[in-house]
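What follows is a set of notes on a single structure, which appears directly below.
The values are calculated or read from the model by the stated rules, or taken from the named source; none is laboratory data. Source: prediction; values computed, not measured. Here Cβ is always computed from backbone atoms with ideal geometry, including for glycine, and neighbour counts include all displayed protein chains.
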Amino acid sequence: MSDVAATSLAPVAAERGAAPIMPLSVRDLHLRFGDSVVLDGLDLELGPAGCTVVMGPNGAGKSLLLKLMHGLIQPTSGRISWDGHPPAAVTARQALVFQKPVLLRRTVAANLDFVLKTRGRDRARLGKLLDHVGLAHKAGQPARRLSGGEAQRLALARALATEPEVLFLDEPTASLDPASVLTIERIVAQARDRGVRVVLVSHDIGQARRMADDVAFLYRGRVTEHAPAAEFFPEPRCPAARDYLNGNVVV
Amino acid sequence: MQGMGEALSLALQMVWSGDADLLEIVLLSLRVSLSATLVALLIGLPLGALVAISRFRGRNLVLIVMNALMGLPPVVVGLVVYLHFSRSGPLGFLGLLYTPTAMIVAQTILIAPIVAALSRQVLEDLHAEYAEQFRSLGLSKVQSVQALLWDARYSLLTVGLAGFGRAVAEVGAVIIVGGNIDHLTRVMTTAIALETSKGDLSFALALGIILLVIALGVNAAVQSVRMSAARMSYV
Amino acid sequence: MIRDAFGATALALILAGPVAAQEQSIIVQSTTSTANSGLYDHLLPIFEEETGIQVNVVAVGTGQAIKNAENCDGDVLLVHAKPSEQAFVEAGFGTGRTDLMYNDFVIVGPEADPAGVGGMTDAQDALARIAEAGALFASRGDDSGTHKKEMSLWADTGVAPADGSGAWYRETGSGMGATLNAGIGMGAYVMTDRATWISFGNKQDYEIQVEGDEDLFNQYGVIPVNPETCPSVNIEAARTFADWLLSDDGQAAIGAYEVDGQQLFFPNAPES
């Protein structure tokens with residue numbers, strides 16, 4: 001926490017004086033839509049710091065798990081506890097970067113300013129935030145005319161503007177150019193280093209290797225393996241995870 | 001089509017000579033209908049936005065009623081407003097019957113449902129796109145509505161135009177509550193009705209042409225705002 | 001910010017109100033013929049210059065004018081249906097009724113004159129012949145003074161025009177001008193007051209077919225609305241206006257009004 005500039009970008013809860021909302025405990029989580037079972041008794045424990053990468057085949061329910069933890073949707077049954085708080089009570093202390101950023105029909109700067117203003121954050125930080133994600137030169141441009149990578153960096157800046165304690169990212173770099181991918185990974189890593197708890201859904205095994213402190217592998221509605229990155233990548237215990245890492249089709 | 005040509009030259013002649021009576025009627029038409037549009041926007045937009053982002057029991061019923069009210073017959077609105085503002089009516093003490101204010105009230109009642117119903121549709125579509133992001137950002141309902149209204153502003157301009165178009169073109173309500181009094185409550189449409197009943201059809205048609213041109217002007221002005229917005233690629 | 005601007009503009013527009021309404025003004029609930037024929041455009045400037053009282057005319061059918069006045073939405077009633085006017089006064093809505101002026105009704109029809117009533121001077125006979133021939137007849141059908149007169153004429157013929165309603169008898173439910181437009185459009189006979197007819201601009205091939213019957217006499221009356229029934233009435237100004245219309249000056253002004261060289265209204269106020 002010696003990086004003064006970074007600290008001023010996103011002070012975490014402890015510095016604001018509120019009790020932190022970590023650790024996270026997910027117990028026996030079920031999510032069903034009619035007859036289709038998405039989550040089927042999922043358990044997960046997340047420690048207070050670091051970057052957790054959630055991996056798993058398509059349709060495993062990774063995005064829905066993020067939305068459940070963020071309090072955007074309700075589970076069919078089961079319990080999610082952020083150090084005793086239900087998700088909906090702490091939504092505003094977290095931020096979620098969607099795979100496809102939803103930007104307001106305004107300029108880049110206005111998109112950020114909107115969040116700073118409505119969330120009662122220091123609006124003087126606008127320039128610093130734009131700088132941080134490399135969009136200072138685009139400040140006056142319409143946000144919806146940004147390229148995919150620029151739009152996602154703006155979405156990330158907006159998420160950071162809320163000064164979240166937990167940052168969810170749902171495949172934030174899918175179909176982006178390599179330069180944008182690296183920029184986004186660098187910004188996310190910096191946030192994690194400042195104490196923001198990061199939960200990242202990714203299909204990109206390379207990205208997972210670069211970013212993960214620990215990996216949760218989601219398969220058929222459950223977390224079939226949750227291990228430190230250093231153990232998971234060389235020697236996954238779950239057979240499905242092994243197939244997945246080997247590039248085999250896993251359904 | 002001889003009458004049409006005669007009406008056209010009559011219209012040009014009236015405009016060219018800067019006919020004072022005509023100007024008065026045109027200005028009153030604009031004042032009444034623009035005021036009604038603005039008041040209808042102030043009432044209809046928040047209402048439309050509230051229904052757009054809310055889910056409650058009986059919502060479908062509210063939607064049906066809102067949409068049905070778009071078809072309010074002007075004469076019925078005029079009659080209801082007349083009965084309220086009449087000296088013997090409950091609001092008679094205000095002395096508003098046969099004034100431009102009564103006409104604004106009648107037209108507002110006529111078009112507020114149009115603004116509410118159309119803006120509800122516009123805002124609901126936009127909300128479908130924004131809702132999850134807004135909830136993730138922890139915005140309050142009021143903050144969400146404000147953001148939706150602002151981001152839909154150019155679409156809502158069209159909604160306002162639809163309301164204005166209906167207001168400036170209707171005659172049934174304003175002739176009852178305004179009385180078509182010369183130099184006091186006579187507007188374009190009631191003047192057209194009067195000239196028609198005098199059998200002065202070319203004069204009536206000439207006024208109609210001028211009304212059409214005014215409507216075109218208002219629409220063109222709004223369209224130019226929209227175009228500049230499109231150039232800035234906000235839409 | 002923008003919403004504030006909207007609000008302020010709206011408020012300003014509404015509050016601006018009519019251009020500094022003159023201190024004294026009255027509302028006249030009037031039949032349409034006096035307005036559509038241009039009589040008020042001739043009379044009111046003279047009266048307003050003399051008295052400074054602004055006269056606002058609401059021109060509707062006699063039936064509606066009486067209704068509006070009964071709702072206290074006028075200071076003076078100027079219509080042409082004597083029995084209804086007397087009933088209005090007797091019910092306490094008016095201070096008193098005075099004959100003001102007269103003209104007459106005529107029956108107009110297309111040049112071809114399908115019922116062959118041209119030149120007839122007995123209105124009842126003419127109507128009976130129109131009904132017998134099944135020729136089209138357009139009626140106001142709106143409870144106006146003209147409509148009331150027409151119905152009283154039919155009553156004496158023994159023909160019930162309602163039996164032909166929708167067939168040869170067409171009730172427009174509209175004002176005199178609209179009924180003339182509709183009647184001329186469909187080639188129907190129409191009964192109209194002479195003033196409206198003379199000043200009507202869309203005559204096409206129509207001409208007066210029946211006139212000159214005493215029964216076609218058309219009397220206009222003026223009634224100040226009773227302030228005891230309607231406290232909002234500006235009775236002083238209303239009396240001033242009625243008195244002026246009935247005075248030598250007012251009567252002379254009425255008699256002097258002409259369209260195309262023809263006098264439209266004949267003053268007949270009682271000698272004061």
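General observations
- Selection within the range C:24-54 - of a type in the set (Val, Ile, Thr) and over 20 Å from the mean Cα position of the chain (by Cα): C:ILE46, C:THR51, C:ILE53
- Among the residues making up the range B:107-146, those that are small (Gly, Ala, Ser), in a helix (DSSP H, G or I) and in contact with a helix residue (DSSP H, G or I) (Cβ under 9 Å, 6 or more places away or on another chain) are B:ALA112, B:ALA116, B:ALA117, B:SER119, B:ALA131, B:SER136, B:SER144.
- Residue count for the range B:1-46, restricted to those that are more than 10 Å from every other protein chain (Cβ to nearest Cβ), of a type in the set (Ser, Thr, Tyr) and assigned to a helix (DSSP H, G or I): 3
- Single match in B:VAL77, B:VAL65 (criterion: farther than 30 Å from C:SER232 by Cβ, away from every other protein chain (no Cβ under 14 Å) and of a type outside the set (Phe, Trp, Tyr)): B:VAL65
- Answer residue from the range A:117-126, given it is without any contact (Cβ under 8 Å) to a residue 40 or more places away in the chain and over 17 Å from A:ARG106 (Cβ atoms) and is surrounded by the most Cβ atoms within 10 Å (Cβ to Cβ) among those: A:ASP122
- Matching entry among B:ALA162, B:ALA173 (being surrounded by 21 or more Cβ atoms within 10 Å (Cβ to Cβ) and outside any loop (DSSP other than H, G, I, E, B)): B:ALA173
- Test: residue in the range B:220-235 that is among the β-branched types (Val, Ile, Thr), away from chain C (no Cβ under 13 Å) and not in a helix (DSSP H, G or I): yes
- Breaking point among (1) over 24 Å from B:GLU24 (Cα atoms); (2) without any contact (Cβ under 8 Å) to a residue 12 or more places away in the chain; (3) within 14 Å of chain C (Cβ to nearest Cβ), for B:LEU96: (1)
- Selection of the range A:99-122 for residues being within 7 Å of chain B (Cβ to nearest Cβ) and within 17 Å of the chain's Cα centre (by Cα) yields only A:VAL102.
- Residue count for the range B:147-192, restricted to those that are closer than 24 Å to C:TYR40 by Cα and without any contact (Cβ under 8 Å) to a residue 60 or more places away in the chain: 4
- So B:THR196, is it of a type in the set (Ser, Thr, Tyr), more than 13 Å from every other protein chain (Cβ to nearest Cβ), surrounded by fewer than 23 Cβ atoms within 10 Å (Cβ to Cβ) and over 30 Å from A:GLN94 (Cβ atoms): no
- Within the range B:169-189, the residues that satisfy the criterion of being more than 13 Å from chain C (Cβ to nearest Cβ) and among the aliphatic types (A, V, I, L, M) are B:ALA169, B:ALA173, B:MET188.
- For the range C:95-127, the set of residues classified as among the aliphatic types (A, V, I, L, M) and buried (at least 19 other Cβ atoms within 10 Å of the Cβ) consists of C:LEU100, C:MET101, C:VAL106, C:ILE107, C:VAL108, C:ALA115, C:VAL117, C:MET120, C:ALA123, C:ALA126, C:LEU127, listed by residue number.
- Test result for C:GLN64, closer than 22 Å to C:PRO231 by Cα, at pLDDT below 95 and not assigned by TED's automatic domain parsing to the domain that holds C:VAL190: yes
- Top-ranked residue of the range A:142-172 - restricted to ones that are within 12 Å of another protein chain (Cβ to nearest Cβ) and in contact with a Pro (Cβ under 8 Å, 6 or more places away or on another chain), ranked as surrounded by the most Cβ atoms within 10 Å (Cβ to Cβ): A:ALA155
- Boolean, C:ARG140 is closer than 30 Å to C:VAL222 by Cβ, in contact (Cβ under 8 Å) with a residue 40 or more places away in the chain and touching a His at 6+ places or on another chain (Cβ under 7 Å): yes
- Just one residue in the set B:LEU149, B:LEU205 is over 13 Å from the mean Cα position of the chain (by Cα), in a helix (DSSP H, G or I) and within 11 Å of another protein chain (Cβ to nearest Cβ); that residue is B:LEU149.
- Test for C:ALA238: is it crowded, with 17+ Cβ neighbours inside 10 Å and either within 18 Å of the chain's Cα centre (by Cα) or not in a helix (DSSP H, G or I) (or both): no
Okay, residues lined up against (1) within 13 Å of chain A (Cβ to nearest Cβ); (2) surrounded by 21 or more Cβ atoms within 10 Å (Cβ to Cβ); (3) touching a residue at least 12 places away in the same chain (Cβ under 8 Å):
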site: B:VAL105; (1), (2), (3): no, yes, yes
site: B:ALA112; (1), (2), (3): no, yes, yes
site: B:SER136; (1), (2), (3): yes, yes, no
site: B:LYS141; (1), (2), (3): yes, no, yes
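- Subset of the range C:55-90 [crowded, with 23+ Cβ neighbours inside 10 Å and either among the small types (Gly, Ala, Ser) or free of Cβ contacts under 8 Å to residues at least 12 places away in the same chain (or both)]: C:ALA59, C:GLY61, C:ALA65, C:ALA69, C:GLY74, C:ALA81
- For A:SER81: the one exception among (1) surrounded by 22 or more Cβ atoms within 10 Å (Cβ to Cβ); (2) in a strand (DSSP E or B): (1)
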